[in-house]
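The values are calculated or read from the model by the stated rules, or taken from the named source; none is laboratory data. From a predicted model like this one, the values you see are computed outputs, not experimental measurements. Positions of Cβ are generated from backbone atoms using ideal geometry, with glycine treated the same way; all protein chains shown enter the neighbour counts. These accessible areas exclude ligands, DNA and RNA; they are computed on the full protein's heavy atoms, side chains included. Shrake-Rupley method; radii C 1.70, N 1.55, O 1.52, S 1.80 Å.
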Amino acid sequence: METGCNDVFGERTKAEIDAFELKAGQFFERATNSQIQKFNIEHENKFVIYLERFDDFSQLPAKLQEHLNRNKASLTARAAYLRGDCKWWKFTWPLHEERYGGPKVLCPYLASNNRFAVDSTNCFLGLTDTTVLFPKQTKENLYYFLGLLNADLLTLRFLKLAKLKSAGIYEYFWNRLKLLPIRRVNWDKKDDVSRHNAIAHAAKTIELSYDGLVRVRTDRDKSFFNDKIITLSRELNDSVRAHLGVSAEQWEALGFYNSGGT
């Protein structure tokens, strides 16, 4: 999505959001490139006003109207508004607005390796430095796809497919992401189902471990969660390689250990 004026719509504090009397779905926390890590989106408590679900300016709370009117000169100077492509008080390009409302996967638009995370509570919004993947109705668990996308094997594969933008930084755009070997599960095969469940469970548990790591304060507790994440990541990588038919010997031949991170 593009606001066309991030200084007006974005960079808002929670206190401002409360003062504007906005409800869920009328604001989001912005997920920036640097916030999105593997299995985890770090909170920076910077919010984006989101008005695409209002039909008329008069429907907006009074304090929010005041805020937008104070910035009307900047908003009406946007090229999209001058072309007649947006209302003066809305985003210039609310891309895929109809898809927001449920779980989604986010990744940085530019990154040195695969960093995908699930927004299961629909609290984050991705702007121009973010790529958002919206799930279709599939029998596979969303965390199964998350585990595949974050695995070492698919990271290695994507870096062979991706466009290199600068030293060590790759472009994570849909036309390259769609080339990744995302294996669909054969639900009639017991081994397929078992590996699907193992991958989804590992991905979800890693996500929960990162949540735990953020909350704890002692070095002992941090060490516990860090060790757990390392162990689960090894299990995930082993399950993904087995699921995609890559043996331990083939993986070692590529210059990697049998288990663990790259």
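The table that follows gives values for the structure above.
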item	result
Matching residues in segment 52-66 - criterion: being in a loop (DSSP other than H, G, I, E, B) and either in contact with a strand residue (DSSP E or B) (Cβ under 9 Å, 6 or more places away or on another chain) or aromatic (F, W, Y) (or both)	E52, F54
Candidate set from segment 54-68 (those that are surrounded by 12 or more Cβ atoms within 10 Å (Cβ to Cβ) and farther than 15 Å from I17 by Cα); member that is modelled with the highest pLDDT	F57
Selection within segment 34-53 - buried (at least 18 other Cβ atoms within 10 Å of the Cβ) and either more than 13 Å from L127 (Cα to Cα) or in contact (Cβ under 8 Å) with a residue 40 or more places away in the chain (or both)	I36, K38, F39, N40, I41, V48, I49, Y50, L51
Selection within segment 170-206 - assigned to a loop (DSSP other than H, G, I, E, B), charged (D, E, K, R) and either in contact (Cβ under 8 Å) with a residue 24 or more places away in the chain or touching an Asp or Glu at 6+ places or on another chain (Cβ under 7 Å) (or both)	R183, R184
Residue in segment 183-200 that is over 23 Å from L142 (Cβ atoms) and open to solvent by 60 Å² or more (accessible area, probe 1.4 Å) present	no
Scope segment 88-108; condition outside any strand (DSSP E or B) and either open to solvent by 20 Å² or more (accessible area, probe 1.4 Å) or modelled with pLDDT under 85 (or both); matching residues	W88, K90, T92, P94, L95, H96, E97, E98, R99, G101, P103
Among the residues listed as L177, L164, the single one being at pLDDT 90 or above and open to solvent by 40 Å² or more (accessible area, probe 1.4 Å)	L164
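Residues checked against (1) in a loop (DSSP other than H, G, I, E, B); (2) over 30 Å from N114 (Cβ atoms):
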site: G25; (1), (2): yes, no
site: E29; (1), (2): no, no
site: S34; (1), (2): no, no
site: L68; (1), (2): no, yes
